[in-house]
Amino acid sequence: DAGVTQSPTHLIKTRGQQVTLRCSPISGHKSVSWYQQVLGQGPQFIFQYYEKEERGRGNFPDRFSARQFPNYSSELNVNALLLGDSALYLCASSLGTDLGGYTFGSGTRLTVV
Amino acid sequence: KQEVTQIPAALSVPEGENLVLNCSFTDSAIYNLQWFRQDPGKGLTSLLLIQSSQREQTSGRLNASLDKSSGRSTLYIAASQPGDSATYLCAVRPLGAGSYQLTFGKGTKLSVIP
């Protein structure tokens, strides 16, 4: 079985631009979460989607948005990019049950110049 | 607000040594705790998941313990190898509101010297 797939692996954008990151969860997993990891820090929660509904949102500005599709894949959108948005963006999938663990993808490295 | 602390921030050991990584959390109301490994610039690899009702989990040379009441977990690595060099992160999943999100520590960067 394929693991969690994220695309693209690397991305360079200019301040003010918009970016879309993509994630495909493990087959059978209905929940997708997004995390931002700045260099030297632990990942910070951005969003979780379960069965195509937003389950929760972290402390991020409205420039960040996401959605989940009927096949459970997900997109994270960031508008009006700032230099501080440069980070590794991680996607995690899970069954969605309360006692389950999370499986993470390899991430998308976003650099804003 | 849940806070997770990992000590030490960095650790360097000679090959073959046994070692312990520490993780502490401020709110004991958790569903589970998960240990991850992260290689430079890469994603997270899950190592062990401990449910709140469990005391420990083992996988190969790794053993993780959980003392929920004191807000502490340890990851024990036996007979360390250079390939174990990576950053190790712990994350807790809370009970109740916000149970869908993990709170991570900043990690312990481990270097195993041949």
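The values are calculated or read from the model by the stated rules, or taken from the named source; none is laboratory data. The structure presented is a predicted model; accordingly, all values stated were derived computationally and were not measured. Using ideal geometry, Cβ is built from the backbone for each residue, glycine included, and neighbour counts are taken over all protein chains shown. Ligands, DNA and RNA are excluded from the accessible area calculation, which covers all protein heavy atoms including side chains. Shrake-Rupley method; radii C 1.70, N 1.55, O 1.52, S 1.80 Å.
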### Message
Yes or no: the range B:10-27 includes at least one residue that is open to solvent by less than 50 Å² (accessible area, probe 1.4 Å), at negative phi and modelled with pLDDT under 95.
### Response
no
### Query
How about the range B:71-105: which of its residues are within 21 Å of B:LEU19 (Cβ to Cβ) and open to solvent by 10 Å² or more (accessible area, probe 1.4 Å)?
B:ARG72, B:THR74, B:TYR76, B:ALA78, B:ALA79, B:GLN81, B:PRO82, B:GLY83, B:ASP84, B:SER85, B:THR87, B:PHE104
#### Entry: Out of A:ALA2, A:ALA80, sole residue that is assigned to a loop (DSSP other than H, G, I, E, B) and open to solvent by 60 Å² or more (accessible area, probe 1.4 Å)
A:ALA2
#### Entry: Filter result (touching a residue at least 40 places away in the same chain (Cβ under 8 Å), within 27 Å of A:VAL112 (Cα to Cα) and part of a loop (DSSP other than H, G, I, E, B)) within the range A:58-74
A:SER73
### Residue list for the range A:3-21, filter: more than 14 Å from every other protein chain (Cβ to nearest Cβ) and modelled with pLDDT under 95
none
### Query
What residue, among those in the range A:85-113 that are more than 17 Å from A:ARG55 (Cα to Cα) and open to solvent by 60 Å² or more (accessible area, probe 1.4 Å), is nearest to the other protein chains (Cβ to nearest Cβ)?
A:SER106
### Message
With of a type in the set (S, T, N, Q), farther than 15 Å from A:PHE104 by Cβ, touching a residue at least 40 places away in the same chain (Cβ under 8 Å) and within 14 Å of chain A (Cβ to nearest Cβ) as the only criterion, which of B:THR87, B:THR74, B:THR108 stands out?
### Response
B:THR108
### Task
Test B:VAL4 against the stated conditions and say whether it is within 11 Å of chain A (Cβ to nearest Cβ) and crowded, with 16+ Cβ neighbours inside 10 Å.
yes
### Query
Restricting attention to the range B:56-69, and to residues there that are exposed (fewer than 15 other Cβ atoms within 10 Å of the Cβ) and modelled with pLDDT of 95 or more, which single residue is nearest to B:SER111 (Cα to Cα)?
B:ARG61
### Message
Among the numbered criteria (1) on the phi > 0 side of the Ramachandran plot; (2) more than 10 Å from every other protein chain (Cβ to nearest Cβ), which one does B:GLY41 miss?
### Response
(2)
### Task
Give the range A:24-57 a look and list any residue that's crowded, with 16+ Cβ neighbours inside 10 Å, among the polar types (S, T, N, Q) and either at the interface with another protein chain (Cβ under 10 Å from one of its Cβ atoms) or in contact (Cβ under 8 Å) with a residue 60 or more places away in the chain (or both), or say none.
A:SER31, A:SER33, A:GLN37, A:GLN44, A:GLN48
